[in-house]
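Structure record follows, encoded as structure tokens.
The values are calculated or read from the model by the stated rules, or taken from the named source; none is laboratory data. Please read all numbers here as calculations on a predicted model, not as lab measurements. Glycine also receives a Cβ, built like all others from the backbone with ideal geometry; neighbour counts cover every protein chain displayed. Quick note on the areas: whole protein, heavy atoms, side chains included, nothing else; ligands and nucleic acids left out. Shrake-Rupley method; radii C 1.70, N 1.55, O 1.52, S 1.80 Å.
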Amino acid sequence: AAQTGQTPTPTFAPLNETIIDEQLDINDQPPTQSTPTTLFQPVQLGMDTISEDYNEMGVLVFSMMDGIHQHLFVYHPLFFPLTRLTNYAWDDIHPSFSADGRSLAYASTQTGFWEIFVLDLTTYEQIQVTQDNFYEGSPSWSPDGKWIAYESNRSGNLDIFIQSLDSLEEEPIQLTSDTTADYSPRWSP
């Protein structure tokens, strides 16, 4: 445990090639909309602590092409090596840490469409935030962690929407509606 005033040192488990090899078959097709997403099994990071200091410490979470799909990775030059978070027969992009460092929002094609998902990094439970068969991407957390802003073409043009994480059954709120593309939303502190 870190003493008062010290930054906690996160510990991540190195990539377990056995888990990855069992999960990825490049011949698999993304499931259709009617297929449940039971294939999702995140690579557990083995974190001793989850900390809001990850953003301040410069922990990087990013998407990178590996093979025929894009996957999520984390990296920090002092605390852990390049570590793969996902490795499936679909694409995962646009990762974004929540302010408390406990969750990761990202866009994924695991249902056959680009949708927004949230992965709880403490329980490894995943929730699907959007479910409307349109493109959704570039999720951004509100500072209080209760909303996700994202870009979507559900209105026929690329616009910004926000979705309450407390009420996923409610329709998202459309923030922009002009004729130009609005994209890559970010919340101010």
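Observations
- Of note, residue 116 does not satisfy the criterion of being modelled with pLDDT of 95 or more, surrounded by fewer than 22 Cβ atoms within 10 Å (Cβ to Cβ) and part of a strand (DSSP E or B).
- Count of residues meeting criterion [within 15 Å of the chain's Cα centre (by Cα) and closer than 16 Å to residue 151 by Cβ] in region 114-134: 6
- Considering region 67-87, and only residues there that are in a strand (DSSP E or B) and among the polar types (S, T, N, Q), the residue that is least open to solvent (accessible area, probe 1.4 Å) turns out to be 83.
- Residue within region 129-141 that is open to solvent by 10 Å² or more (accessible area, probe 1.4 Å), outside any strand (DSSP E or B) and over 23 Å from residue 185 (Cβ atoms) present: no
- Hey, residue 154 of a type in the set (Lys, Arg) and within 20 Å of residue 60 (Cβ to Cβ) or not: no
- Scanning region 119-128 for residues that are in contact (Cβ under 8 Å) with a residue 12 or more places away in the chain and either loosely packed, with under 15 Cβ neighbours inside 10 Å or in contact with a Leu (Cβ under 7 Å, 6 or more places away or on another chain) (or both) yields 119, 121, 122, 124, 126, 127.
- Selection over region 88-103 of residues that are in a strand (DSSP E or B) and under 18 Å from residue 136 (Cβ atoms) gives a count of 6.
- Count - residues of region 104-113 that are among the small types (Gly, Ala, Ser), out of contact with any Gly (no Cβ under 8 Å at 6 or more places or on another chain) and crowded, with 17+ Cβ neighbours inside 10 Å: 2
- Residue within region 164-177 that is surrounded by 15 or more Cβ atoms within 10 Å (Cβ to Cβ), more than 17 Å from residue 106 (Cα to Cα) and in contact with a Ser or Thr (Cβ under 8 Å, 6 or more places away or on another chain) present: no
- When region 142-163 is filtered for residues that are open to solvent by 20 Å² or more (accessible area, probe 1.4 Å) and not in a strand (DSSP E or B), the ones remaining, listed by number, are 143, 144, 145, 146, 153, 154, 155, 156, 157, 158.
- When every residue of region 88-103 is checked against the conditions, none turns out to be in contact (Cβ under 8 Å) with a residue 40 or more places away in the chain, β-branched (Val, Ile, Thr) and open to solvent by less than 10 Å² (accessible area, probe 1.4 Å).
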